[in-house]
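Notes follow the structure.
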Amino acid sequence: MPQRLEAHVFDLPVQELRRGYRSDIYFWREKITLENHNLHPEVTMQVFQKKDAVLCGVDEAIAVLKLAAGRYTDYNKAYKLFDKLIEHKSKARRQFIGNHKAYLKAVAQKMEVSAQLDEMWESGFEQLDVKVLHDGDRISPWETVMHITGDASLFAHLETVYLGILARRTKIASNVRGVVDAANGKIVLYFPARFDHWAVQGGDGYAAHIGGATGVSTDAQAQWWGAKASGTVPHALIAAVGGDTVKAISLFGETYPDVDLVALVDFDNDSVGTSLKCCEALGDRLWGVRLDTSNTLVDKSIIPVMQNFKPVGVTPRLVEMTRQMLDKHGYSHVKIIVSGGFNPDRIAEFEKLQVPVDAYGVGSYLMRGVNAFTADVVLLEGKPCAKVGREYKPNLRLESVNSHSS
């Protein structure tokens, strides 16, 4: 079985998770209701979703349970300390610009309060029996992916968090796997960072890796799995040097001599001609060219050969013409990357036509859709107890990660 990621990888807001700060309020209130009435029922929580998918987020969900399942020894004191923690956190943000000394003081105060909260926290993870699948497992609709068995008051407040993690990570991993499968063994580059909030990059990049992506565009996306970002020369650099693609790629190559040099060749809407110019200027130093023609434009190279095909964007014919031109002039080593509106169907069509593409860069498509997960109590004290239609469903593929009964 693949090794699971350690809890520290995820940089979780532990105090906020323990306090229910990032949970739907009714789950926190469920926890407190049980504790206030000294109720500690042993339940089995069952987690599933409704699609054929590639599961991801499991290790992160385990980390949430490991670090935030449990209870405070004094809730009234914990509430007051947590409010102070949030106050110091907010103060630190306000002071970061303009008063560095005050910022450091607020950070120190926040850490002191966090330490006090740690002393009041009794971990409950060791009392749970958690059985789960692995990140990267293919799952079917309604298949059980996780069972959590133990005192409900220890983990009731975490349902929002672990379901949200599984939903997000599984969506990304499944979307990427769909693209990877369509690409038929070709390189798939994960390029959607600009289409979503920066804060999700770490987990999304890991999910893309689980889905089979070969490269990502930010270092944050690569951190969890120990890699580094990769990318081409941006349009902005070409514009900044007067619209000269060859100059931009040459300067870039001099600045970063150890990276695989890839030229972005659609700035002048002449992908074939610009690709050849870059090859002539850089020779063996050039690793590849990237075609990124807008889906609202017809590349200059296509206009003379327009026939009975859709001419806009990166077309199969445009790729073929680029490959033929580069091979003709002795640049067969230069690889061709395509990007701009690619999805599994479009990639599958390119592969069916045997278009000479070496790598696909995919962006906004990979953020689309929903993979919603649901959790239900299905057993109470080992006996069936679930809402109608949500019966206990064992899964022999589940692996125990923290069995208190073993």
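The values are calculated or read from the model by the stated rules, or taken from the named source; none is laboratory data. Keep in mind the model is a prediction, meaning the values are calculated, not measured. Note that we place each Cβ from the backbone using ideal geometry, even for glycine, and neighbour counts take in every protein chain shown.
So which of VAL377, VAL388 is hydrophobic (A, V, I, L, M, F, W, C), within 27 Å of HIS157 (Cα to Cα) and crowded, with 18+ Cβ neighbours inside 10 Å? So that I can check it myself, show each step before the final result.
Numbers: VAL388 fails: crowded, with 18+ Cβ neighbours inside 10 Å.
After applying the criteria, what remains is VAL377.
Within the stretch 85-116, which residues are among the basic types (Lys, Arg) and farther than 25 Å from HIS8 by Cβ? Step through it out loud before you land on a result.
To start, the set of residues in the stretch 85-116 that are among the basic types (Lys, Arg) comprises 89, 91, 93-94, 101, 105, 110.
The answer is LYS91, ARG94, LYS101, LYS105.
Suppose we filter GLY124, GLY164, GLY178 for residues that are modelled with pLDDT of 95 or more, within 30 Å of ALA348 (Cα to Cα) and small (Gly, Ala, Ser); which single one remains? Before you say what the answer is, go through the steps one by one.
Working: GLY124 fails: within 30 Å of ALA348 (Cα to Cα); GLY164 fails: within 30 Å of ALA348 (Cα to Cα).
It is GLY178.
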Open item on the list: Any residue at all in the stretch 120-127 that's acidic (Asp, Glu), closer than 15 Å to ASP376 by Cα, in contact (Cβ under 8 Å) with a residue 40 or more places away in the chain and not in a strand (DSSP E or B)?
Closed with: no
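Based on what the data block shows, is VAL64 part of a strand (DSSP E or B), in contact with a helix residue (DSSP H, G or I) (Cβ under 7 Å, 6 or more places away or on another chain) and either among the β-branched types (Val, Ile, Thr) or surrounded by fewer than 17 Cβ atoms within 10 Å (Cβ to Cβ) (or both)? Before the answer, list the steps.
Working: part of a strand (DSSP E or B): no; in contact with a helix residue (DSSP H, G or I) (Cβ under 7 Å, 6 or more places away or on another chain): yes; either among the β-branched types (Val, Ile, Thr) or surrounded by fewer than 17 Cβ atoms within 10 Å (Cβ to Cβ) (or both): yes.
No, not satisfied.
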Task: Condition broken by GLN95, with the remaining ones in (1) modelled with pLDDT under 95; (2) touching a strand residue (DSSP E or B) at 6+ places or on another chain (Cβ under 8 Å) satisfied - done: (2)
Task: Scope the stretch 201-227; condition in a loop (DSSP other than H, G, I, E, B) and among the aliphatic types (A, V, I, L, M); matching residues - done: ALA213, ALA227
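Return the only residue of VAL370, VAL357, VAL334, VAL338 being surrounded by 13 or more Cβ atoms within 10 Å (Cβ to Cβ), in contact (Cβ under 8 Å) with a residue 24 or more places away in the chain and more than 16 Å from VAL188 (Cβ to Cβ). Spell out the reasoning first.
Values: VAL370 fails: surrounded by 13 or more Cβ atoms within 10 Å (Cβ to Cβ); VAL357 fails: more than 16 Å from VAL188 (Cβ to Cβ); VAL338 fails: more than 16 Å from VAL188 (Cβ to Cβ).
None of the other options fit; the residue is VAL334.
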- [ ] Would you be able to say whether some residue in the stretch 327-334 is at pLDDT 95 or above, touching a strand residue (DSSP E or B) at 6+ places or on another chain (Cβ under 6 Å) and assigned by TED's automatic domain parsing to the domain that holds GLY283?
- [x] yes
Task: Selection within the stretch 1-48 - surrounded by fewer than 15 Cβ atoms within 10 Å (Cβ to Cβ) and either modelled with pLDDT under 95 or assigned by TED's automatic domain parsing to the domain that holds GLY203 (or both) - done: MET1, PRO2, GLN3, GLU6, HIS8, ASP11
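Pick out the one residue from LYS131, LYS80, LYS110, LYS51 that is in contact (Cβ under 8 Å) with a residue 40 or more places away in the chain, of a type outside the set (Phe, Trp, Tyr) and either buried (at least 20 other Cβ atoms within 10 Å of the Cβ) or farther than 30 Å from THR170 by Cβ (or both). Reasoning before the result, please.
On the way: LYS80 fails: in contact (Cβ under 8 Å) with a residue 40 or more places away in the chain; LYS110 fails: in contact (Cβ under 8 Å) with a residue 40 or more places away in the chain; LYS51 fails: either buried (at least 20 other Cβ atoms within 10 Å of the Cβ) or farther than 30 Å from THR170 by Cβ (or both).
Among LYS131, LYS80, LYS110, LYS51, only LYS131 is in contact (Cβ under 8 Å) with a residue 40 or more places away in the chain, of a type outside the set (Phe, Trp, Tyr) and either buried (at least 20 other Cβ atoms within 10 Å of the Cβ) or farther than 30 Å from THR170 by Cβ (or both).
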Open item on the list: Checking the condition small (Gly, Ala, Ser) and part of a loop (DSSP other than H, G, I, E, B), which residue from SER275, SER250, SER230 passes?
Closed with: SER230
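Answer yes if at least one residue in the stretch 323-342 is of a type in the set (Asp, Glu) and touching a helix residue (DSSP H, G or I) at 6+ places or on another chain (Cβ under 6 Å), and no otherwise. Explain how you work it out, then say what you get.
Keep residues of the stretch 323-342 that are of a type in the set (Asp, Glu), which gives 327.
With touching a helix residue (DSSP H, G or I) at 6+ places or on another chain (Cβ under 6 Å) added as a condition, the list becomes none.
Within the stretch 323-342 (the criterion being of a type in the set (Asp, Glu) and touching a helix residue (DSSP H, G or I) at 6+ places or on another chain (Cβ under 6 Å)), the answer is no, since none of the residues qualifies.
Given the options HIS100, HIS157, name the one that is modelled with pLDDT of 95 or more and either buried (at least 21 other Cβ atoms within 10 Å of the Cβ) or of a type outside the set (A, V, I, L, M, F, W, C) (or both).
Numbers: HIS100 fails: modelled with pLDDT of 95 or more.
Matching residue, one of HIS100, HIS157: HIS157.
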Task: Hits in the stretch 196-226 - residues which are among the hydroxyl-bearing types (Ser, Thr, Tyr) and crowded, with 18+ Cβ neighbours inside 10 Å - done: TYR206, SER217, THR218
